[in-house]
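All remarks here apply to the structure that follows.
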Amino acid sequence: MPTGTGAVNLRNLPSVAYQVNPQLFFALTEKNMFAPPSIAIPPATTYSTITLLQVGVVSKIRIIYIGTVTTTGGTVTIAPEAYWPYGIFSGVTLSGNGQNNFFNCSSYDLRQREIVQNRAYTDTFFVGPVTSNAIYAAAGNAPITIGWDLPIAMDDTTLIGALYAQSEATNLTLTLTSESMANLFAITAGSIALTGTVYFQETFFDVPYNPQAQDTLVIPDLTVLHGFVANNSAVAGQSQVTTPLYRINGQLERLLYYIKDYTIGSAALKGIVPTSDYSSTQLVYGASTTPYSWTPQQNLNFEMGVDYRVAPPDGVYWLDLVKENPQRDQILLEGVTNLRLVNNMAAAYTPGAAAVVHFVQETLFA
């Protein structure tokens, strides 16, 4: 299977004289953390867009929500095993430098990436109700504080995949779409809403001039962009669920997937198909070449537990091609034909009509 460093140059570069010299760049640059204007959290199923600072090499956007969970009575059950609390935003999209939505995922997807990127990660920042029981049996309020990192750079150390933002042609915009309350809670009666403020922090690095050539900028390796793009593929009653992956001019770094099916389980599971409903997973290309196979499915669960120390929730899976040797294991997407994810489901699993495989391709692309 074609792997390795096959991505080509991208227009993520200055329009003036520049020199790609990571060592000199890191010696001369300065790290900055800027706070763009905050916004009120969008009401359920609506969205808000902000424009980010057009300066430097941008590596990360941090999103912090501080607010209140408010109920008007009735019985509302929290479902911590799935989208609550990290799935508050059904859509997190970032556009810039002529690339539309090269980040397009949910805040739940971002949370799962934090787990795999930061081994043994435990969130000690979150404040809010998480216990699965009817704690909102009457009208009331509860505070909530939660955060996510949107990793524009694939790697914070090398800044591979970071965005050159200080161009007149760059328009860096971030859009947040709030999730439906019905997808976060089991609402027997009454209503529930999230109110409060969303804060942002943009991390960027100054672009210095070469001391030996005053008209030449010095930049790190910006020849590729980092993408994190989600899609859905219908399950449609298949016992063998085949999900075609998208071919782009770039490299597949990681693949996140889980099956969303709101007809299964209880409020404590809230629509993510558990491991017990799978029999195996394969990554296949060409006619039937299968470089990766996990049979039974528990093999993949065990692997994630070893790799990350704190494994993702049950039913959430990562095919991680950068955890050991990225140069060796990354997949050159243009070098494979008909790349697809194949999930073989247990006989006992009967999917709902709207069940989908939700998958996120994390890539370095041109």
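The values are calculated or read from the model by the stated rules, or taken from the named source; none is laboratory data. Everything numeric in this text was worked out from a predicted model, so none of it was measured. Neighbour counts are summed over all protein chains in view; Cβ atoms, including those assigned to glycine, are modelled from backbone coordinates with ideal geometry.
The figures follow:
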{"item": "Pair list, Cβ < 8 Å and 6+ apart or interchain, from segment 22-46 residues that are closer than 30 Å to Ile219 by Cα to residues that are modelled with pLDDT of 95 or more and of a type in the set (D, E, K, R)", "result": "Thr29/Asp206; Glu30/Asp206; Asn32/Asp206; Met33/Glu202; Phe34/Glu202; Ala35/Glu202; Pro36/Glu202"}
{"item": "Positions within segment 344-366 being within 14 Å of the chain's Cα centre (by Cα) and within 17 Å of Ser106 (Cβ to Cβ), in sequence order", "result": "His358, Phe359, Val360, Gln361, Glu362"}
{"item": "Residue list for segment 213-227, filter: of a type in the set (A, V, I, L, M, F, W, C) and surrounded by fewer than 17 Cβ atoms within 10 Å (Cβ to Cβ)", "result": "Ala213"}
{"item": "Residue list for segment 233-258, restricted to those being more than 17 Å from Asn338 (Cα to Cα) and assigned to a strand (DSSP E or B)", "result": "Ala234, Glu253, Arg254, Leu256, Tyr257, Tyr258"}
{"item": "Residue check, Asp307 under 20 Å from Ala230 (Cα atoms), in contact with a Lys or Arg (Cβ under 6 Å, 6 or more places away or on another chain) and in contact (Cβ under 8 Å) with a residue 40 or more places away in the chain", "result": "no"}
{"item": "Unmet criterion (only one of (1) closer than 21 Å to Asp109 by Cα; (2) among the β-branched types (Val, Ile, Thr); (3) at pLDDT 95 or above) for Val310", "result": "(3)"}
{"item": "Unique match (being within 22 Å of the chain's Cα centre (by Cα), crowded, with 18+ Cβ neighbours inside 10 Å and of a type in the set (S, T, N, Q)) among Asn171, Asn183", "result": "Asn183"}
{"item": "Given (1) at pLDDT below 90; (2) surrounded by fewer than 20 Cβ atoms within 10 Å (Cβ to Cβ); (3) among the aromatic types (Phe, Trp, Tyr), index of the condition Tyr121 fails", "result": "(1)"}
{"item": "Residue match in segment 335-351 (condition: touching a Leu at 6+ places or on another chain (Cβ under 8 Å), surrounded by fewer than 19 Cβ atoms within 10 Å (Cβ to Cβ) and modelled with pLDDT of 95 or more)", "result": "yes"}
